[in-house]
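See below for the structure under consideration.
The values are calculated or read from the model by the stated rules, or taken from the named source; none is laboratory data. Just so it is clear, the structure is predicted and the values come from calculations on it, not from any experiment. Because the Cβ atoms are built from the backbone with ideal geometry, glycine has one as well, and the counts that use them run over all protein chains shown.
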Amino acid sequence: MMSTPETNPAKQRVIVARPTGFLRDVLSIAIRSVRQLPRDLEAVIPALIIPLFFLVINVGSLQDVANFTAIEIDYKAFQLPVAIIFAVTGVSRAPALVLDIQNGYFDRLMLTPVSRRALLIGHIVADFALVVLLVMPVLVFGFIIGIRFPTGPFGVVTFIVMGALWGVAYTGFPYAIALRTGNPGAVNSSFLLFFPFAFITSAFVPIEAMTGWLGAAAHYNPVTYLLEGLRSLFLEWDAWALGKSLLAITGVGLLSQTFAFAALKRRVARG
């Protein structure tokens, strides 16, 4: 009787998972992360409501005082970048990554040939989509209250992209905490790291109007240059201000993502 692969174990085909490619891995993880967003609205909605609340409060309480400072633009436009920064900073899919770690899904992925870097980059791609979605309602509200861009449609697009890039640049910190601790409480508190940077800056008045140690500290705060770059779009195209803003985003991004990928490498090595 002739043997067949079905009757002869020695001739049975062994099925081995093969890598699908780095870009395919990134896309798969990003799509999965985006699809989970409707189930995590309780983490996204406050990130939208709180910046709008502070925008209304700050404009209503400080606009008359701001008239005595050297602000070149309407105070509503002066405060809009602050609202954008608060909307996108610290918002990430890191809590979803923690959930994957806790329920064992992350460990199961470790048994597959998926690219390890794609495990993090895929979430970061999803973060970019998320922060763009958060920027849009805040920007629309700005239009409703009368804010306009003299730099035109390209200025609006630049404003959105720079806000989104900042949001993605900062995500390395919550991801580093998520990968190191696997603790959702620790990840949720990662936004507290941003508070000193948010207020030791030109959030309420131009940096020229700040004095003492606060004014000196604001000069070394990357958020100051991010705000100045975004505010320049309400005047005219200023390559110098935008360049410093992009440099600040790049510096923070390199620092935070270095922490994140180091934490990923450590967790992968730990198995």
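Condition check for ALA66 on (1) closer than 28 Å to PRO137 by Cβ; (2) at pLDDT 85 or above; (3) of a type in the set (A, V, I, L, M): one failure, at (2). For segment 189-234, the helices (runs of 4 or more DSSP H) that sit wholly inside it and include 2 or more residues that are under 20 Å from the mean Cα position of the chain (by Cα), aromatic (Phe, Trp, Tyr) and farther than 25 Å from THR158 by Cβ are 195-199. The condition (being over 20 Å from LYS265 (Cβ atoms), of a type in the set (Gly, Ala, Ser) and at pLDDT 90 or above) is satisfied by just one residue among SER189, SER202, SER232: SER232. Would you confirm, using the coordinates I've provided, whether ALA169 is in a helix (DSSP H, G or I), crowded, with 16+ Cβ neighbours inside 10 Å and aliphatic (A, V, I, L, M)? Taking the combined requirement at face value, the residue satisfies it. The number of residues in segment 137-148 that are assigned to a helix (DSSP H, G or I), surrounded by fewer than 14 Cβ atoms within 10 Å (Cβ to Cβ) and either touching a residue at least 40 places away in the same chain (Cβ under 8 Å) or within 21 Å of the chain's Cα centre (by Cα) (or both) comes to 1. The residue list LEU109, LEU139 contains one member that is closer than 26 Å to GLU228 by Cα and touching a helix residue (DSSP H, G or I) at 6+ places or on another chain (Cβ under 9 Å), which is LEU139.
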